[in-house]
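Contents: one structure, followed by commentary.
The values are calculated or read from the model by the stated rules, or taken from the named source; none is laboratory data. On a predicted model such as this, the values are computed, not experimentally measured, just so you know. Virtual Cβ from ideal backbone geometry, glycine too; neighbours counted across all protein chains shown. Accessible surface is based on the protein model in full, side chains and every heavy atom, while ligands, DNA and RNA are left aside. Shrake-Rupley method; radii C 1.70, N 1.55, O 1.52, S 1.80 Å.
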Amino acid sequence: MNVLDLVRPSIKALKPYSSARDEFKGVPKDMVFLDANENPFENGVNRYPDPQQTTVKGLLSKLKGIPVENMLLGNGSDEVLDLIYRAFCEPNIDNIITLPPTYGMYSVLANINAVSIKKVLLSEDFQPQVDKILDIADSNSKLLFLCSPNNPTGNSFSSELIEKLLTEFKGVVVIDEAYIDFADTPSWIERLNEFPNLIVTQTLSKAYGMAGIRLGVSYASKEIIQVLNNIKPPYNVNELTQQRAIEQLKDEAKIKEQIQSILDERTALIEELKGISFVSEIYPSDANFVLAKVDDATRRYDELISKGVVIRNRTTQPLCENCLRFTVGTPKENKVLINTLKLI
Ligand SMILES: *Cc1c(COP(=O)(O)O)cnc(C)c1O
């Protein structure tokens, strides 16, 4: 399979916008920049940001062990996911496959892009039903979304099942690894070279503690990255975001420490939930949240809200009847949660 054959004809033919900063890249200090119609008076943000986010990518490259040419950054992974739709899915013709219960944005983005959705429920133990997925796929099924660890269930998908889908699905497989830093399983970015149809998306919004700056990443072959680069808005990651990301990514030790604290707290939270009378099942988690089944999710949700604790009610999701999703907070926040659960 040549993955470029899956790209929309109009996108393949596109001549991308060439920005001032694309055309002159070197930034020697003594140059006079009169090419981008910026206000010349220095205030820290009067210049356009680096359209290729070279410094941020360099740090990520070191951290993740992936060459810069295999990554694309976006305004949150939501922008990255939208770019993937626009690169591969012809409106009103193509379709995508999602595996509910899962992240809601895949369907929303499909609707925005006029792309139809084929849904194949996860199995009872929240794993992809590979045969059903391959059966339902047709020649217009361009994207298959695998969220692993999955939101809202919290589990990782079996690597054998993912590998089978990567080899047998005839479109692009997008593995959303928003929660990978909390998982035991290795990231699929390590195997990019084996699968030309693989795109892995990650984010700085969860483990890296930067939801507020909006920075998402996709990792893929250079060919796919080139296509996504051609269609992204020229300055899609703003200067303040780049500066803040650089600052945080340099402090890897702090991030590692926070992740460890969240993992310890996840274990403690699961133990405490076992002692709550109305909790009937706690699902295994490879993420920074825990899904649990209770007697009456909407009632418990409302009771928690009235006591000042906000969690997520997932009861309307398929296979998640009466399920609540608890994000792991600080030790203090988790104590408040548990004390409140004991009270209601
Ligand atoms: C939170 C989350 C994201 C993150 O999206 P951003 O736009 O990067 O904040 C992506 N995918 C899943 C499954 C998530 O839960």
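For this structure, a couple of remarks:
- Debye intensity ratio in log₁₀ form over the Cα atoms of the range 253-343, taken at each q of 0.16 Å⁻¹: -0.61
- Prolate/oblate/rounded label for the range 38-184 (Cα gyration tensor, a/c 1.5): prolate
- Of the residues I270, I112, I213, the one that moves most in a GNM of the chain with alpha-carbon contacts below 10 Å is I112.
- Tail fraction, Cα-Cα pairs, the range 82-128, threshold 15 Å, whole percent: 41
- Within the accessible area of the range 253-343 (1.4 Å probe), percent carbon and sulfur: 51
- Computed accessible area, T340, all protein chains, 1.4 angstrom probe, square angstrom: 10
- Counting only DSSP beta bridges with both residues in the chain, the antiparallel share comes to about 55 percent.
- Size of electric dipole in the range 233-344: Cβ of Lys, Arg +1 and of Asp, Glu -1, about Cα centre, debye, nearest 20: 180
- Working ranking of peptides 148-157, 326-335 by packing, defined as the average number of other Cβ atoms within 10 Å per residue, highest first, is 148-157, 326-335.
- Which listed pairs, of K232/K307; K119/K307; K25/K62, have C-alpha distances above 32 Å, in listed order: K232/K307; K119/K307
- With 10 Å bins from 0: P(r) over the range 28-113, alpha-carbon pairs, percent: 13, 29, 28, 21, 9, 1
- Prolate/oblate/rounded call for the range 168-215, Cα gyration tensor, a/c under 1.5 rounded: prolate
- Net length gained if the chain between S261 and N111 were fully extended (0.36 nm per residue, minus Cα distance): 50.2 nm
- Each label was represented as a point 7 Å from its Cα along the Cα-to-Cβ direction; for N2 and E271 these points are 5.8 nm apart.
- Cα pair distances of the chain binned at 20 Å [whole percent]: 28, 54, 17, 1
- Gaussian network model of the chain, Cα within-10 Å springs - most flexible of N70, N95, N113: N113
- Surface accessible to a 1.4 Å probe, per residue, for the residues of the chain, Å²: 48
- Against the criterion of solvent-accessible heavy-atom surface with a 1.4 angstrom probe, R191, R314 sort, most first, into R191, R314.
- By the Cβ distance rule of under 4.7 Å, the chain has these cysteines without a partner: C89, C147.
- Fully extending the segment from E247 to E42 would add 71.7 nm, taking 0.36 nm per residue of separation and subtracting the current Cα-Cα distance.
- Gyration tensor (alpha-carbon) shape descriptor, the range 190-240, a/c threshold 1.5: oblate
- Applying D = kT/(6 pi eta Rh) to the range 1-58, where Rh is the Kirkwood radius over alpha-carbon pairs, T corresponds to 10 °C and eta to 1.306 mPa s, the Stokes-Einstein value obtained is 109 µm²/s.
- Within a Gaussian network of the chain (alpha carbon springs, distance under 10 Å), most fluctuating of S158, S116, S218: S158
- Between M31 and L343, the simple label model (points 7 Å from Cα in the Cβ direction) yields a spacing of 6.0 nm.
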